[in-house]
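Encoded as structure tokens, the structure appears first; notes follow it.
The values are calculated or read from the model by the stated rules, or taken from the named source; none is laboratory data. As the structure is a computational prediction, the values presented were derived from the model and not from experiment. Here the Cβ is made from the backbone with ideal geometry for all residues, glycine too, and neighbour counts use every protein chain on show.
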Amino acid sequence: MANNWELGRFLDTLRFFQTLPFVGTLEPLRPVLAPLLPDLFKPPAYRGSGLVVVMGATGRTGQAVVKTLLAQGYAVRAGVRDRAKAESVLPKAPFLDIVVADVTQPLPADLLQGSRAVINCVGAKVQPNPNAPPPGLEIVGASPEAVEFEGMRHLLACAQPYFQNQPNTYPLFDYRYPTPPLKEVWGALDDVVMGGVSASQFYLKDHSALFTGLVSTENSGGFVSIRTRNLTPPLNLQGYTGIQLRVRGDGQRYKFFLRSDPAWDGVGYAISFDTVADQWITVELPFSHFIPVFRARTATNAPPLNVGQIYSLQLMLSKFEYDGALNPHFRPGTLSLEIESIQAYGGLPLPRVIQVSSAGVTRPQQADLDLKGQPLAVQYNDQLGGILTWKLAAENMLRQSGLPYTIVRPCGLTDQPGGKELRLDQGDRLTGSLSREDLAAFLASLLNLPVACYRTVEVVATDQAAEAYPNWAARLAQLPSDCLDRP
Ligand SMILES: NC(=O)c1ccc[n+]([C@@H]2O[C@H](COP(=O)([O-])OP(=O)(O)OC[C@H]3O[C@@H](n4cnc5c(N)ncnc54)[C@H](OP(=O)(O)O)[C@@H]3O)[C@@H](O)[C@H]2O)c1
């Protein structure tokens, strides 16, 4: 049977995980290989999952947010006023659906159904008019009161039933929305790496993913698995209790691994769980029950799992439990583990309503403010229908809603390409600008940051180039929360 072993699959596995036998990682060869095979070192696009509703999706910021979210693995529901405009300006993507909703009117009750969060990019329309009194700008369409303030009231009425008092879970892989980046990050890692002949596959279905294949004990083999490439940046699951899986299996016992070390062949932290044939079950795997394992042996001297830095996840079906004991619920042959979701559970809330407000919202109230050098919206707030005053009123309504929120106050927005380091601040003093592309990337990052909750943050671009993976969590933690009784 040894001749069933497939060199091709062995090499595919090494390439996918960017690893070499004995050496461990291809990293030392990056200078030589990267120019020849640039895709080899491209980090996975995956940054998150689940359905996010974007309001004002046809606006300039809204479009940038939709594009960013889709590229990172999220499914998007676009809330728009004009379907024809949405169809012409938004990308054609299978995980983008469009809902027509004018925020000046009560919103469709199911607008947020199934979503994990809403990013609100709606704003009253301001446009140049040379015939208008200085500064030659006018509000077109509904007033700022109707768009900003009544719009927030309607959005919150819609959000309360879905987002109030929900369990605090962090959707790591939500396969109810099986977008391509959620598959591409996972690869098969079977006993072929040790000479075995088992073979697994990982498929996306309509509303789930399927780990399937054939496990064989020939050639001293007996395991199949799927593992993520190293996540960039690693996941921070601090504050959560464990991992919750929603799965439909085949009655066998599987293992779930986490790794807090980027090394290919380092210690993994494992836990076993039983499935019930053909039944959907929810399995909770507390971090405190994971055991350190190195090549199926318990690693008694290993440090504890660092949940603040999770580099990879793995699901495995193996003939063995740990230290040579046999898996009591293992049978060679076909396997089937359907996955609806992998989440962290029992933690702090994540933002549910992310509001794009504006720098300057408190300035019209400042009697002693020198208007010179202030943005036009501050100088001409009254002529522009009190646009900043109504934005501030909308912020206050959101703060009082009891929902987990983040309020972002950008400085002047441009359509320049992104890539600039952002400065975060509070106190409403910032002036300057930032690109909508950078704002969109920042807004998307907030979705997975519990520390972003109950915070108001002002943003402006600096002239420095952005870091590849800014540590927003650490930077947000330095800014006080809006509510003294919240973390
Ligand atoms: N522009 C700046 O320099 C600046 C600076 C700081 C903060 N902001 C704020 O940042 C946000 C995004 O700005 P932006 O410049 O990207 O705005 P934008 O291009 O003007 O987009 C505004 C969006 O709001 C939508 N909208 C307006 N009234 C609506 C209604 N009644 N119902 C539903 N949707 C409605 C528009 O729909 P349509 O696409 O159908 O028109 C559009 O999609 C706004 O809140 C803005 O006030 C902007």
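Does any residue in region 127-143 that is under 18 Å from Pro375 (Cα atoms) and assigned by TED's automatic domain parsing to the domain that holds Trp390 come within less than 6 Å, Cβ to Cβ, of a residue that is part of a loop (DSSP other than H, G, I, E, B) and of a type in the set (Gly, Ala, Ser) six or more places away or on a different chain, and which pairs are these?
Matching pairs, first to second residue: Pro128/Gly136; Glu138/Ala132; Ile139/Ala124; Ile139/Gly385.
Taking Gln113 as meeting all but one of (1) more than 16 Å from the ligand (Cβ to nearest atom); (2) touching a Ser or Thr at 6+ places or on another chain (Cβ under 6 Å); (3) not basic (Lys, Arg), write down the number of the exception.
Just one mismatch for Gln113, condition (2).
Every residue in region 337-357 that is small (Gly, Ala, Ser) and within 16 Å of the ligand (Cβ to nearest atom), please.
Ser357, the sole residue that qualifies.
Can you go through Ala101, Ala109 and tell me which one is among the small types (Gly, Ala, Ser), in contact (Cβ under 8 Å) with a residue 24 or more places away in the chain and touching a strand residue (DSSP E or B) at 6+ places or on another chain (Cβ under 9 Å)? Walk me through how you get there before you give the answer.
Numbers: Ala109 fails: touching a strand residue (DSSP E or B) at 6+ places or on another chain (Cβ under 9 Å).
Checking each option against the conditions leaves just Ala101.
Do we have Val451 as among the β-branched types (Val, Ile, Thr), more than 25 Å from Gln309 (Cα to Cα) and in the same structural domain as Ala159 (by TED's automatic domain parsing) here?
No, not satisfied.
On the basis of being surrounded by 14 or more Cβ atoms within 10 Å (Cβ to Cβ) and under 30 Å from Met152 (Cβ atoms), does Gly266 make the cut?
no
If I go through region 222-250 residue by residue, how many of them are in a loop (DSSP other than H, G, I, E, B) and either without any contact (Cβ under 8 Å) to a residue 40 or more places away in the chain or under 21 Å from Pro180 (Cα atoms) (or both)? Explain how you work it out, then say what you get.
Residues of region 222-250 in a loop (DSSP other than H, G, I, E, B): 222, 229-234, 236-241, 250.
Still in the list and also either without any contact (Cβ under 8 Å) to a residue 40 or more places away in the chain or under 21 Å from Pro180 (Cα atoms) (or both): 229-234.
The qualifying residues number 6.
Given the conditions (1) out of contact with any helix residue (DSSP H, G or I) (no Cβ under 8 Å at 6 or more places or on another chain); (2) within 21 Å of Tyr345 (Cα to Cα), and given that Glu138 satisfies all but one, which numbered condition is not satisfied?
(2)
For Val192, indicate whether it is in a helix (DSSP H, G or I), of a type in the set (Val, Ile, Thr) and at pLDDT below 95.
The answer is yes for Val192.
Quick check on region 217-238. Is at least one of its residues surrounded by fewer than 19 Cβ atoms within 10 Å (Cβ to Cβ), touching a His at 6+ places or on another chain (Cβ under 7 Å) and acidic (Asp, Glu)?
No, region 217-238 contains no residue that is surrounded by fewer than 19 Cβ atoms within 10 Å (Cβ to Cβ), touching a His at 6+ places or on another chain (Cβ under 7 Å) and acidic (Asp, Glu).
Check region 436-453 and report whether any residue there is charged (D, E, K, R), in a strand (DSSP E or B) and touching a strand residue (DSSP E or B) at 6+ places or on another chain (Cβ under 6 Å).
no
Condition first: farther than 30 Å from Gln113 by Cβ and charged (D, E, K, R). Can you find one or more residues in region 393-414 that meet it?
So far as region 393-414 goes, no, none of its residues is farther than 30 Å from Gln113 by Cβ and charged (D, E, K, R).
Residue under question is Ser336, and the condition is that it be surrounded by 21 or more Cβ atoms within 10 Å (Cβ to Cβ) and more than 30 Å from Thr406 (Cβ to Cβ); does it hold? Walk me through it before giving the result.
Working: surrounded by 21 or more Cβ atoms within 10 Å (Cβ to Cβ): no; more than 30 Å from Thr406 (Cβ to Cβ): yes.
It is false that Ser336 is surrounded by 21 or more Cβ atoms within 10 Å (Cβ to Cβ) and more than 30 Å from Thr406 (Cβ to Cβ).
Only one of (1) under 24 Å from the mean Cα position of the chain (by Cα); (2) more than 16 Å from the ligand (Cβ to nearest atom); (3) more than 26 Å from His154 (Cα to Cα); (4) outside the structural domain of Arg227 (by TED's automatic domain parsing) is not met by Leu403, so which one is it?
Only one criterion is unmet by Leu403, namely (3).
Tell me, yes or no, whether region 373-382 has at least one residue that is modelled with pLDDT of 95 or more, surrounded by fewer than 19 Cβ atoms within 10 Å (Cβ to Cβ), at positive phi and more than 26 Å from the chain's Cα centre (by Cα).
no
Going by the conditions given, is Ala367 among the small types (Gly, Ala, Ser) and modelled with pLDDT under 95?
Criteria met by Ala367.
Which pairs turn up if I take residues in region 187-204 that are assigned by TED's automatic domain parsing to the domain that holds Asn219 and look for partners that are assigned to a strand (DSSP E or B) and basic (Lys, Arg) with beta carbon separation below 8 Å, at least 6 apart in sequence or on another chain?
Correct list of pairs: Gly187/Arg227; Leu189/Arg227.
Tell me which residues, restricted to region 139-179, are in a strand (DSSP E or B) and more than 13 Å from the ligand (Cβ to nearest atom).
Within region 139-179, Tyr170, Pro171, Leu172, Phe173, Asp174 meet the criteria.
Of everything in region 358-409 that's in a loop (DSSP other than H, G, I, E, B) and aliphatic (A, V, I, L, M), which residue is farthest from Ala444 (Cα to Cα)?
Of the residues in region 358-409, the ones in a loop (DSSP other than H, G, I, E, B) are 358-362, 366-375, 380-386, 400-404.
From the residues that got through so far, the ones that are aliphatic (A, V, I, L, M) too are 359, 361, 367, 369, 371, 384, 403.
Numbers: Ala359: 19, Val361: 23, Ala367: 36, Leu369: 33, Leu371: 33, Leu384: 30, Leu403: 18 Å.
Result: Ala367.
Which residues, taken from region 409-435, are on the phi > 0 side of the Ramachandran plot and either buried (at least 18 other Cβ atoms within 10 Å of the Cβ) or acidic (Asp, Glu) (or both)?
Correct list: Asp428 only.
Only one of Asn120, Asn129 is within 16 Å of the ligand (Cβ to nearest atom) and under 18 Å from the mean Cα position of the chain (by Cα); which?
Only one candidate qualifies: Asn120.
Can you name every residue in region 66-100 that is within 9 Å of the ligand (Cβ to nearest atom) and either buried (at least 21 other Cβ atoms within 10 Å of the Cβ) or not assigned by TED's automatic domain parsing to the domain that holds Gln160 (or both)?
Gly79, Val80, Ala86
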